[in-house]
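One structure below.
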Amino acid sequence: MAALHVSAANSFFNEDGTTDTTAGTDGNGRIESVQALAERLGQVRRYDASAVYSVLLPSAENAITYNINLQSEAAADSLAPCNYLISWEVTTPSGKSSGFTSYSAGNHFRYSDERLQEYHFDNDSVPFLSGRGGVQRNARFTNLLPAFLSGEINRIASDTAFTYRFNPNATYSGKDAVRLDAVESVKGYTARELSFIFDAFSGTPLHISIESNPGSVSEQSVTVSYSEPKEAGVADFTEATLIGLYPEVFERFRQGNFRLENLPGTAMPQFSMPTPTGERYTYHRGDGFPRPVVIAVIDPEVASAPATVSAIRNAVNSMPSATDIIWAVKSRHIDTIESLLGYGLKEGETILAGANSIIRDCGITAFPAMIFVGRDGIIKSVHIGANKNLEEIVMQKVALL
């Protein structure tokens, strides 16, 4: 495997073209300590590479091999050490499988096995803050990126569970390199044996091998060989870029399809939002409702919002059969919500604050928007906008629930 070529697109260069100098490097910028290695890895601003990732499981005759494309850029927030896009493919006895995972500015996407998952910090921060650093830090293959490896190297150097040896004068495929060998022990037993080889100047990874539970029946071996990128990099890792790269994935497997008008006849997308009193209301796609429901998505900044609230309430209250109302208000400000909907809950009504998830997943671009959902959780009809006949329109649609 050819060693990784480090260029301007894959470097630790400053914006003025100079290189960073830190303690632990020689006069030519060569890395000479573990601390300098971790720092140099953390300084990689833009990274593009390919990797072959092989894992040999217990009792398996052949290794499972993933071909991976790695891209990252400097972090835009503290939720992850970098923004990234990782795509991969693997051939199994059942055929070829592929997927991707990405993080950028509070938005995390992961796709595998015909399942697209997405997380957005502004809508629900819990997945980003729970577990061992959140979903964005524990996605598949993120530990292969320089920014994540920087944290791992620091942990090896500071955690007493590790013993390590650092060689600043190694070579790899004829290239100047540095090598870090470490052993992780748990309760006196060797849990992992790790070996990392990095470019001696840029710090970018060249080769990794990890033996888990060595010598036991559950022994597992992982090797990673890095090379030059086999795919052209993208400018950013935003949602719009992902949709352009994977249009079929988003069209087939995303719960929302960006146009409210296309939703009748489909299951109501999942949503989770807080109530003004601090509880969280979560609806799972496919669940039913106790009664037919009107989900009214309201922006208090729209002038027609008060008249819309009145028309919906009048229409629902005039019907002979009970129908619930879920007010999904774009604002998160309690005073604004209470000013619009009144104080206290009315029977058959639920108030939700910060309606970004419904707005996104239902493709709502104008307000007010009303979604009429049957007991079975299937959307029967929708309506967008306010007019003088809104009360009559709502009555007609509720009657068909």
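The values are calculated or read from the model by the stated rules, or taken from the named source; none is laboratory data. Computed from a prediction, not measured in an experiment: that's the story for all the values here. When we count neighbours, we look across all protein chains shown, and the Cβ atoms used for this are built from the backbone with ideal geometry, even at glycine.
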message: Given the condition surrounded by fewer than 19 Cβ atoms within 10 Å (Cβ to Cβ) and either aromatic (Phe, Trp, Tyr) or not in a strand (DSSP E or B) (or both), answer yes or no: does some residue in segment 189-200 qualify?
response: yes
- request: Name the one entry in 125, 185, 173 that is outside the structural domain of residue 273 (by TED's automatic domain parsing), surrounded by fewer than 20 Cβ atoms within 10 Å (Cβ to Cβ), over 13 Å from the mean Cα position of the chain (by Cα) and farther than 19 Å from residue 223 by Cβ.
  value: 185
task: Pairs only if they're at least six apart or on different chains, beta carbon under 7 angstrom, first in segment 169-181 and over 15 Å from residue 202 (Cα atoms), second basic (Lys, Arg); list them, first residue then second.
output: 181/165
query: What are the residue pairs meeting all of these: first residue in segment 363-379, first residue over 11 Å from residue 296 (Cα atoms), second residue in a loop (DSSP other than H, G, I, E, B) and basic (Lys, Arg), Cβ atoms under 8 Å, and 6 or more apart or on different chains?
result: 363/259; 375/291; 377/285
message: Suppose we filter segment 346-363 for residues that are touching a Pro at 6+ places or on another chain (Cβ under 9 Å), of a type in the set (A, V, I, L, M) and farther than 19 Å from residue 117 by Cβ; how many remain?
response: 3
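With 217, 309 as the choices, which residue is in contact with a helix residue (DSSP H, G or I) (Cβ under 9 Å, 6 or more places away or on another chain) and of a type outside the set (Ser, Thr, Tyr)?
309
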message: Residue under question is residue 301, and the condition is that it be of a type in the set (Asp, Glu), surrounded by fewer than 19 Cβ atoms within 10 Å (Cβ to Cβ) and either touching a residue at least 60 places away in the same chain (Cβ under 8 Å) or under 30 Å from residue 252 (Cα atoms) (or both); does it hold?
response: no
- request: Select from segment 340-364 the residues that are at pLDDT below 80 and either of a type in the set (Phe, Trp, Tyr) or out of contact with any helix residue (DSSP H, G or I) (no Cβ under 8 Å at 6 or more places or on another chain) (or both) and list them in ascending order.
  value: 344, 345, 357, 360, 361
- request: Scan segment 24-46 and give yes if some residue there is at pLDDT 80 or above, more than 20 Å from residue 155 (Cβ to Cβ) and assigned to a strand (DSSP E or B), otherwise no.
  value: yes
